[in-house]
Amino acid sequence: ERKCHLSGLWRNEQDSLMEISAVRDDGDFQGKYLTQVTLAGVCARVSPLKGAQQHPGEGGWPTFAFTVRWDKFSNATTAFAGQCFVDTGGKETLTTMWLLREAVGSLEEDWKATRVGRNVFTRKRTPKG
Ligand code: BTN
């Protein structure tokens, strides 16, 4: 089976977009995330992501994790963890689980500050040129 490459442009089932730049030799990577949904219903801004990918190992597909610091429109932070898969047709899929932490005003509200969910990303083809 083919190798999985995290770098490139991806879209999830909520129509959010993320672009991961080249993964460094040590596994670290950076990118940008544009969410299509927001807690407050406000317009999102492109937000920075930072992550790390495991060594793929023998024939295996790498696990990875990254954080998104929602920039300029929210105090929240999201941590994603997932794995890259390639099907027999060469199609790549990133399956992830996420924790979305929002800022609350007091310790008493801490219990309701974290949401959990799942996102599946597929590669968004960029027009040639
Ligand atoms: C906020 O609304 O305060 C920050 C944006 C949160 C977007 C969440 S993160 C998990 C899920 N996956 C997405 O692509 N968007 C939502």
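Only the coordinates and a few stated rules stand behind these numbers; no lab work does. Small disclaimer: the values here were computed from a predicted structure and weren't measured. Here the Cβ positions follow ideal geometry from the backbone for every residue, glycine too, while neighbour counts run over all protein chains shown.
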Around Ser47: net Lys/Arg minus Asp/Glu count, Cβ-Cβ under 15 Å
+3
For segment 88-129, what size does the Cα cloud have along each of its three principal axes, sorted from largest down, in whole Å?
51, 27, 7
Isolated cysteines for the chain, Cβ-Cβ cutoff 4.7 Å, are Cys43
Karplus-derived 3J(HN,Hα), 6.51/-1.76/1.60, for each residue of segment 27-34, Hz, glycine and proline x:
x, 5, 8, 10, x, 10, 10, 10
Which residues qualify? For Ser7, with a placed amide H closer than 5 Å and at least 5 residues away or on another chain, they are Val23
How large is ³J(HN,Hα) for each residue in segment 93-103, as worked out from phi by the Karplus curve 6.51 cos²θ - 1.76 cosθ + 1.60 (θ = phi - 60°), to whole Hz, x for Gly and Pro?
10, 10, 9, 9, 10, 9, 10, 10, 9, 9, 7
Scaled to the compact-protein estimate 2.2 N^0.38 Å, what is the alpha-carbon radius of gyration of segment 63-123, rounded to two decimal places?
1.42
Loop-only trypsin sites (Lys or Arg not before Pro) in segment 25-129, please: DSSP not H, G, I, E or B, and at most 10 other Cβ atoms within 10 Å.
Lys72, Arg125, Lys128
Tell me, what is the FRET efficiency for Arg69 and Asp25 to the nearest 0.05, using R0 = 22 angstrom and their Cβ-Cβ distance as r?
0.35
Please list, in order along segment 106-111, the HN-Hα scalar couplings obtained from phi with the Karplus expression 6.51 cos²θ - 1.76 cosθ + 1.60 (θ = phi - 60°), rounded to whole Hz, x for Gly and Pro.
7, 4, 5, 8, 4, 4
Lysines within cross-link reach of Lys72: Cα-Cα under 22 Å, excluding same-chain residues under 8 positions apart?
Lys32, Lys50
If N is the residue count of the chain, its Cα Rg over 2.2 N^0.38 Å rounds to 1.12
